[in-house]
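Everything below concerns the one structure shown next.
The values are calculated or read from the model by the stated rules, or taken from the named source; none is laboratory data. Predicted model only: the values in this text are computed from it and were never measured. Positions of Cβ are generated from backbone atoms using ideal geometry, with glycine treated the same way; all protein chains shown enter the neighbour counts.
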Amino acid sequence: MADSEKEDPIDDKPMPLLEHLIELRRRLLWSVVAFLVCFAGAYYVADDIYYFLAKPLADILREQGNPDPHLIYTQLYEAFFTRIKVAFFGGGFVAFPIIAAQIWLFVAPGLYRSEKRALLPFLCATPILFVAGAALAYFFVFPFAWRFFASFQSNTGGGGVPIELLPRVGEYLDLVMKLIFAFGITFQLPVALTLMAKVGITSSAALKRFRRYAFVGMFVIAAILAPPDIITQIGLAVPLIALYEISILCAKFVEPKPVEV
């Protein structure tokens with residue numbers, strides 16, 4: 001055995017392929033069970049999740065003089081399937097740490113001790129950044145965007161016909177959940193770039209060289225993921241640019257140092 005392997009051992013023991021497949025099945029089974037339990041719990045409290053997701057819009061409508069804001073549905077099955085979507089959203093959100101832990105328990109035995117120490121901070125940062133992105137969307141982007149969209153209501157309208165916002169529950173919640181996931185996933189940018197720098201795929205110098213192209217790419221990503229309004233797109237693009245700058249600093253800290261001859 002090489003000296004490096006003695007100093008940096010792998011805690012795994014040799015296993016035949018069949019046992020690896022059995023272990024994979026066990027981890028998948030625990031992940032599925034965790035999601036189903038969380039889904040059932042989220043379905044039970046779906047009304048509370050719905051109220052939480054609808055609150056930003058309800059607050060804006062009340063500000064604009066609507067004392068009884070509400071969402072509508074125009075198809076018989078729309079409310080039921082919307083409840084299912086809300087349960088999937090809540091169940092996936094709660095079950096994600098458990099599923100990530102099962103993936104780690106399957107992969108970790110095959111890693112060197114130093115690799116585990118290197119990956120652990122990234123695993124801890126992933127849910128934190130996801131929640132931070134979701135919180136940014138919910139508490140800052142939604143109020144500005146919904147206020148902009150709701151401002152087109154009119155008590156008189158054309159020819160004295162009022163223009164009133166009556167959002168469909170399915171369309172509204174689809175948009176909200178899409179944006180929350182979009183913000184949460186794009187906030188993984190520092191984790192992805194720092195990990196790439198850690199293994200030598202990129203470097204802080206390369207990230208600096210491609211900074212201007214990256215900034216353009218951030219606005220393109222925001223235009224694809226966000227609704228077609230400038231407020232939401234800027235609300236996603238600006239944090240991405242800030243996260244890219246943070247990624248450069250993190251990459252410089254973890255990238256392999258050049259070996260002096």
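Pick from the range 27-85 the residues that are small (Gly, Ala, Ser) and touching a residue at least 40 places away in the same chain (Cβ under 8 Å): which of them is nearest to LEU175 (Cα to Cα)? By that ranking, first place goes to ALA54. Would you check if there is a residue in the range 137-151 being out of contact with any helix residue (DSSP H, G or I) (no Cβ under 6 Å at 6 or more places or on another chain), closer than 24 Å to GLN64 by Cα, at pLDDT below 85 and buried (at least 16 other Cβ atoms within 10 Å of the Cβ)? Checking the range 137-151: at least one residue is out of contact with any helix residue (DSSP H, G or I) (no Cβ under 6 Å at 6 or more places or on another chain), closer than 24 Å to GLN64 by Cα, at pLDDT below 85 and buried (at least 16 other Cβ atoms within 10 Å of the Cβ).
For (1) closer than 30 Å to PRO143 by Cβ; (2) modelled with pLDDT of 80 or more, each residue gets a yes or a no:
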residue	(1), (2)
LEU195	no, yes
VAL216	yes, yes
PRO227	yes, no
LEU240	yes, yes
GLU245	yes, yes
LEU249	no, yes
GLU260	no, no
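What residue, of THR202, THR186, is under 22 Å from ILE230 (Cα atoms) and β-branched (Val, Ile, Thr)?
Residue meeting the stated conditions: THR186.
Within the range 97-106, the presence of at least one residue that is of a type in the set (S, T, N, Q), surrounded by 15 or more Cβ atoms within 10 Å (Cβ to Cβ) and assigned to a helix (DSSP H, G or I) is confirmed.
Applying the condition of being of a type in the set (Asp, Glu) and in a helix (DSSP H, G or I) to the range 130-187 and asking which residue is farthest from the chain's Cα centre (by Cα) yields GLU171. Here PHE122 does not qualify as modelled with pLDDT of 80 or more and not β-branched (Val, Ile, Thr).
When we screen TYR77, TYR43 for residues that are hydroxyl-bearing (Ser, Thr, Tyr) and at pLDDT below 90, the only hit is TYR77.
Set side by side, the residues ARG209, ARG113 differ, and just one is farther than 30 Å from ILE84 by Cα, basic (Lys, Arg) and modelled with pLDDT under 85, which is ARG113.
The set of residues in the range 32-89 that are buried (at least 19 other Cβ atoms within 10 Å of the Cβ) and farther than 24 Å from ALA137 by Cβ contains only ALA34. On the stretch given as the range 188-203, residues that are touching a helix residue (DSSP H, G or I) at 6+ places or on another chain (Cβ under 7 Å), surrounded by fewer than 19 Cβ atoms within 10 Å (Cβ to Cβ) and small (Gly, Ala, Ser) total 1. In this structure, is LEU120 closer than 27 Å to LEU24 by Cβ and among the aliphatic types (A, V, I, L, M)? Considered against the rule, which asks whether it is closer than 27 Å to LEU24 by Cβ and among the aliphatic types (A, V, I, L, M), LEU120 comes out as yes. Tallying residues that are touching a residue at least 40 places away in the same chain (Cβ under 8 Å), part of a helix (DSSP H, G or I) and of a type in the set (A, V, I, L, M) within the range 197-244 yields 7.
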